[in-house]
Amino acid sequence: MKLKVFTLRLDPATGRFDDREIVEFQAGKDVLDVSEYQFVHDRVPTWGLLVRYRDAPGGRDGRGDREEPRKDWRADLDAEAARLYDELRLWRGRQAKRDGMPPYIILNNRELAEVAARRPATLTALREINGVGEAKAERWGEEILAVVAAAFAAQRPAEGEGTLDAG
């Protein structure tokens with residue numbers, strides 16, 4: 001396992017963090033985990049990332065001559081969890097666009113699958129998922145829990161629905 005630290009400063013002109021260095025870095029790497037830290041340095045919002053990774057075998061794209069596809073985390077889920085996984089991916093994509101960052105920084109696909117499988121109802125339960133630390137829970141935890149709750153609220157029948165009226 002190797003570590004790499006990135007420090008990104010907010011570009012006041014665009015209101016975004018320039019993540020090109022991170023995107024280029026991940027080519028040919030198997031990223032295991034990303035921890036993020038947000039702080040202000042010289043009055044500029046700054047985003048620090050600690051990336052745990054290993055070099056992927058077989059070349060720059062990390063796949064070499066292998067024909068095997070990337071792991072499909074959704075495939076291991078039951079039908080309800082797969083639906084929740086899809087909802088979480090949609091939320092993650094919208095959130096990433098709003099925040100001007102790559103979606104995998106918010107939650108990677110493995111983390112999404114674990115949230116979908118475990119269906120956490122509290123921030124404490126959410127933080128028990130490997131890769132979801134204090135920073136992610138503080139920044140996006142309530143929204144993640146809302147997506148989980150909404151997905152299962154929609155599946156429950158409304159009060160009185162599905163019952164026969166004997167009168």
Highest mean packing first, using Cβ neighbours within 10 angstrom, the peptides 35-44, 109-118, 91-100 sort as 109-118, 91-100, 35-44
About its Cα centre, the range 1-55 carries a charge dipole, from +1 on Lys and Arg Cβ atoms and -1 on Asp and Glu Cβ atoms, whose size in debye to the nearest 20 is 120 debye
Note on the range 1-55: contact order normalised by length, alpha-carbon pairs under 8 Å, 6 or more apart, percent, works out to 49 percent
Here the range 102-118 yields Karplus 3J(HN,Hα) values (6.51, -1.76, 1.60; θ = phi - 60°; whole Hz; Gly and Pro given as x) of x, x, 5, 6, 5, 8, 7, 4, 5, 5, 4, 5, 5, 4, 5, 6, 7
Ranked on Cβ counts within 10 Å of their own Cβ, fewest leading, 101, 1 go 1, 101
The simple spin-label model distance between residue 25 and residue 70, using points 7 Å out along Cα→Cβ, in nm, is 1.8 nm
At the level of C-alpha centres, the distance separating the range 99-131 and the range 24-45, in angstrom, is 17 Å
By the mean-Cβ-within-10 Å protection proxy, highest first, 140-149, 20-29 rank as 140-149, 20-29
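Every number here is computed from the coordinates shown, using simple stated rules; none is lab data. Small disclaimer: the values here were computed from a predicted structure and weren't measured. Cβ: placed from backbone, ideal geometry, glycine included. Neighbour counts: every protein chain shown.
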